[in-house]
Structures are given as C-alpha cells and as structure tokens.
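Enquirer: I have a structure here, written as structure tokens, and I will follow up with some questions on it.
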Amino acid sequence: MTFFTGGFFWFIQGILITVIVLAFRAWMEDRNVKMFWWKWLLWGVWILTAGFTIAFIFTSLGEGEPTAAVKGGIIFSLITIISGAGIWRLINKKN
C-alpha cells in the first residue's frame, strides 16, 4: 500500500488529471461551447462525485464488505449518472 502514498503515484495522478482537463477543454472548443467558470466548477464537482463513487466501491470491496459495495455502488452510481446527465445538458449549451 505504500505505492499509493508515495510521490510517484501522485505524480502520475497529476499528469492524468492534466491530460483529462486539457482534452475536455479542446473537445469543448471543437464543439464551439464556451466554458465559463461555473461550467468548469460543475464539471469538477461531477468528476469528484464519479471518483468518490469508484473509490467507495473499491474501498468497500477491499474492506471485505461486498454488500456495502453493491448497495452503495448502486445508490452513488445512480446519483452520478443522473447528475452527469443534468450537468451535461447545462454545460453543452452553446452560450
């Protein structure tokens, strides 16, 4: 488990997050969607929600709690999917 607390892991995480943000920015520019600060904030909150959902599921499985992983995974996945659809509709507006 020391891999996840080491600097190399967080270095790779930083690179991946930077690539994701730059790719999303380029994709939005290609679609001619203006990204205002509140759109970036909504997108960031959704990314954190999706990350929390994944972390919850795998942490519960790692702790030997498959029932919690399934029930919590269903609840958090539904929240993530529904909020993602709503946020996408807000972000995807052209103006």
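Values quoted throughout were computed directly from the atomic coordinates according to the rules given, and no laboratory measurement underlies them. None of the values given here were measured: they were computed from a predicted structure. Counting neighbours? That spans all protein chains shown, and the Cβs are built from the backbone with ideal geometry, glycine included.
Enquirer: Based on the mean of other beta carbon atoms within 10 Å per residue, what is the order of 19-32, 47-60, 77-90, most packed first?
Expert: Working: 19-32: 11.1, 47-60: 14.6, 77-90: 12.7.
Per-residue Cβ counts within 10 Å, averaged per peptide and sorted highest first, yield 47-60, 77-90, 19-32.
Enquirer: Based on the mean of other Cβ atoms within 10 Å per residue, sort peptides 65-72, 34-41 so the most packed one is first. Present the calculation step by step, with values, prior to reporting the outcome.
Expert: On the way: 65-72: 13.2, 34-41: 11.6.
Result, highest mean Cβ count within 10 Å first: 65-72, 34-41.
Enquirer: Residues in segment 40-83, backbone N under 20 Å from the label point at residue 33 (7 Å along the Cα-to-beta-carbon vector): list them, ranges by number please.
Expert: 40-51, 79-83
Enquirer: Another question, if that's okay. Once a ≥ b ≥ c are taken as the square roots of the eigenvalues of the Cα gyration tensor of segment 1-82, is the result rounded (a/c under 1.5), prolate (a/b larger than b/c) or oblate (a/b not larger than b/c)?
Expert: Oblate.
Enquirer: For segment 1-29 and segment 33-66, what is the separation of their Cα centres, given in Å?
Expert: 14
Enquirer: Roughly how big is the chain's charge dipole about its Cα centre, with Cβ charges of +1 (Lys, Arg) and -1 (Asp, Glu), in debye to the nearest 20?
Expert: Working: 8 positive and 4 negative charges, 119 e Å.
So the dipole magnitude of the chain works out to roughly 580 debye.
Enquirer: Same structure, new question: Along the charge dipole of the chain, Cβ charges K/R +1 and D/E -1, which of 42, 69, 10 sits furthest on the positive end?
Expert: 42
Enquirer: Taking all pairs of distinct Cα atoms, average 1/r, flip it, and tell me the Kirkwood hydrodynamic radius of segment 34-95 in Å to one decimal place. List each step's numbers first, then the result.
Expert: Numbers: mean 1/r = 0.0796 Å⁻¹.
About 12.6 Å, per the Kirkwood formula over Cα pairs.
Enquirer: Sticking with this one: Run down the lysines and flag those whose C-alpha is under 23 Å from the C-alpha of residue 93, throwing out any fewer than 8 positions away in its chain.
Expert: Counting by Cα, and skipping residues close in sequence, residue 93 has these lysines nearby: 34, 39.
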